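The structure appears right after this line, and notes come after that.
The values are calculated or read from the model by the stated rules, or taken from the named source; none is laboratory data. Bear in mind that the values here come from a model prediction, so they are computed numbers and not experimental data. With ideal geometry, Cβ positions are generated from the backbone for all residues, glycine too; neighbour counts draw on all protein chains shown.
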Ligand code: SAH
Ligand code: SF4
Ligand code: F3S
């Protein structure tokens, strides 16, 4: 019978893409996808460690899988990604969760096939992580892409910045850039296959330091220029930028490019120089503002989005007000705000933190209020205007299309499923808070339906009651058998 896999993905875009690589490995080994753990022969958790709540959720989910494993002892459970890569975590997971079969880290994802085969052959549990960052460059993997019109392309791995709050450098290692020719070859192939939106991925893409075919150095600006150079209609995005490293040359390339989007994610983290210093961000707010001003001067329709941390150790009311000021000054199109979360092994773990949680929550609420004011006002200004939109998906249940503007903002509108993967002009006809609704104003009659693989919605427990009943019955049988055994 057909073997089934379920992948549960947590964290950032990098992980979404790495789950596509894990899916490729599993499909090469005869597994096909399913959407819940009861139907699965193998469940892989691709984990994140960025904040404590991410970890708690994952531990909760591993716990939930225990019940299913009790009813289906032959099911394999594998835990990989950033959480497993943390110091001592692999052995802790093995100890705490005796029903987990395989633990692997971020650097040895390409080894997953070997680990799986060993587990099946020997029946023994495996925990294997490595510090060798170059394994990630073994990128001849078959990637099972399921992000619709989107294709993610790694340009570099790791991070050298060591922001004092952040776990990423410890779980992703030092920066390693892929050779430019490998990236260009991949992008060219993806465009030929029909993908419409290429997103270049790295923790700090601006510090890309690759080489070309002749061994000459390639900067991020040069890479962008070359990725922009293919024929046809497509979009290029990139993330994440670092305000210290986003160069004038890169801004010039974006300004004069045909395909590179004008929506730029530029995390500020804080508007206070004191905080930026203790966060080890390597820029002050005047540098940040001057990058923003340069972007807006050279690219008049540029739209910026950002990440902000509130409640970093020692953050005063004034520091927080400085953050509110930079939000208002930059007029972001989207803001992701987080309460600081202490991470084991980072420098900030040891910092004195006199700010109580109540104050931190109040600051986050205030941030969200100001954010909503800004993005609702900016959205209202879009009413009546027409934008070029990439149609990304069709929602059959509501008979509605989802698309994205060049800025990255989403919009919904009525239309034919054949529009997915096409660029259309959409007029904004209704704005509710920051949600845009529009109507297509260009001719769509010539479009034909294309076959993009879209992400499936997954959950641990199946949605239908029948499978749940089978699970309950199996669990009872397993429990009865266990009880009998222990009585003997
Ligand atoms: N490499 C990217 C993304 C890092 S993680 C970058 O440098 O921007 C995404 C966001 O999570 C960060 O921008 C930061 O705002 C937030 N973050 C990281 N560590 C955190 C922590 N310990 N507590 C709260 N938020 C954190
Ligand atoms: Fe973390 Fe800073 Fe690196 Fe981003 S740049 S991944 S926030 S250490
Ligand atoms: Fe999380 Fe790792 Fe991404 S810690 S945010 S999955 S790099």
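Assorted remarks:
- Residues of region 255-284 satisfying the condition of being part of a helix (DSSP H, G or I), within 16 Å of ligand 1 (Cβ to nearest atom) and touching a helix residue (DSSP H, G or I) at 6+ places or on another chain (Cβ under 6 Å): 275
- Only one of the numbered conditions (1) surrounded by 19 or more Cβ atoms within 10 Å (Cβ to Cβ); (2) modelled with pLDDT of 95 or more; (3) away from ligand 2 (no atom under 16 Å from the Cβ) is not met by residue 83, and that is (3).
- Pair list, Cβ under 6 Å, 6 or more apart: region 231-244 residue closer than 19 Å to residue 266 by Cα and modelled with pLDDT of 95 or more, other residue in a loop (DSSP other than H, G, I, E, B) and within 16 Å of ligand 3 (Cβ to nearest atom): 242/204
- Checked against (1) surrounded by fewer than 21 Cβ atoms within 10 Å (Cβ to Cβ); (2) closer than 23 Å to residue 109 by Cβ; (3) within 11 Å of ligand 2 (Cβ to nearest atom), residue 244 passes all but condition (2).
- Residue selected from region 348-372 under the condition in a helix (DSSP H, G or I) and in contact with a helix residue (DSSP H, G or I) (Cβ under 9 Å, 6 or more places away or on another chain), by the criterion nearest to ligand 3 (Cβ to nearest atom): 348
- Subset tally (residues that are surrounded by fewer than 17 Cβ atoms within 10 Å (Cβ to Cβ) and either under 11 Å from residue 382 (Cβ atoms) or touching a residue at least 24 places away in the same chain (Cβ under 8 Å) (or both)) for region 428-457: 16
- A single entry from 265, 259 fulfils the requirement of being farther than 28 Å from residue 167 by Cα, touching a strand residue (DSSP E or B) at 6+ places or on another chain (Cβ under 6 Å) and crowded, with 16+ Cβ neighbours inside 10 Å: 259.
- Look at (1) away from ligand 1 (no atom under 14 Å from the Cβ); (2) part of a helix (DSSP H, G or I) and you find that residue 288 fails only one, number (1).
- Selection status of residue 446, out of contact with any helix residue (DSSP H, G or I) (no Cβ under 7 Å at 6 or more places or on another chain) and either modelled with pLDDT under 85 or part of a helix (DSSP H, G or I) (or both): no
- Every residue from region 151-197 that is in contact with a helix residue (DSSP H, G or I) (Cβ under 8 Å, 6 or more places away or on another chain), within 22 Å of residue 46 (Cβ to Cβ) and more than 15 Å from ligand 2 (Cβ to nearest atom): 151, 152, 153, 178
- Checking every residue in region 45-55 against the condition of being away from ligand 1 (no atom under 16 Å from the Cβ), without any contact (Cβ under 8 Å) to a residue 40 or more places away in the chain, part of a strand (DSSP E or B) and under 18 Å from the mean Cα position of the chain (by Cα) gives at least one match.
- Test: residue in region 72-80 that is touching a strand residue (DSSP E or B) at 6+ places or on another chain (Cβ under 9 Å), within 14 Å of ligand 3 (Cβ to nearest atom) and part of a helix (DSSP H, G or I): no
- Across region 1-32, the qualifying residues are those that are part of a loop (DSSP other than H, G, I, E, B) and either surrounded by 21 or more Cβ atoms within 10 Å (Cβ to Cβ) or within 16 Å of ligand 2 (Cβ to nearest atom) (or both), and the one among them that is farthest from the chain's Cα centre (by Cα) is 10.
- Summed over region 378-414, residues that are at positive phi and in contact (Cβ under 8 Å) with a residue 24 or more places away in the chain total 2.
- Subset of region 300-343 that is within 22 Å of the chain's Cα centre (by Cα), within 16 Å of ligand 2 (Cβ to nearest atom) and in a loop (DSSP other than H, G, I, E, B) - its residue that is surrounded by the most Cβ atoms within 10 Å (Cβ to Cβ): 343
- Of the strands (runs of 3 or more DSSP E) contained entirely in region 114-204, those carrying at least 1 residues that are over 20 Å from residue 91 (Cα atoms) fall at 150-154, 197-201.
- Cβ-Cβ distances below 8 Å connect no pair with a first residue in region 164-182 that is closer than 18 Å to residue 340 by Cβ and away from ligand 1 (no atom under 15 Å from the Cβ), a second residue that is outside any strand (DSSP E or B) and modelled with pLDDT under 95, and a separation of six or more residues or different chains.
- Residue, farthest from ligand 2 (Cβ to nearest atom), within region 229-241, restricted to residues that are within 26 Å of residue 292 (Cβ to Cβ) and in contact with a helix residue (DSSP H, G or I) (Cβ under 7 Å, 6 or more places away or on another chain): 236
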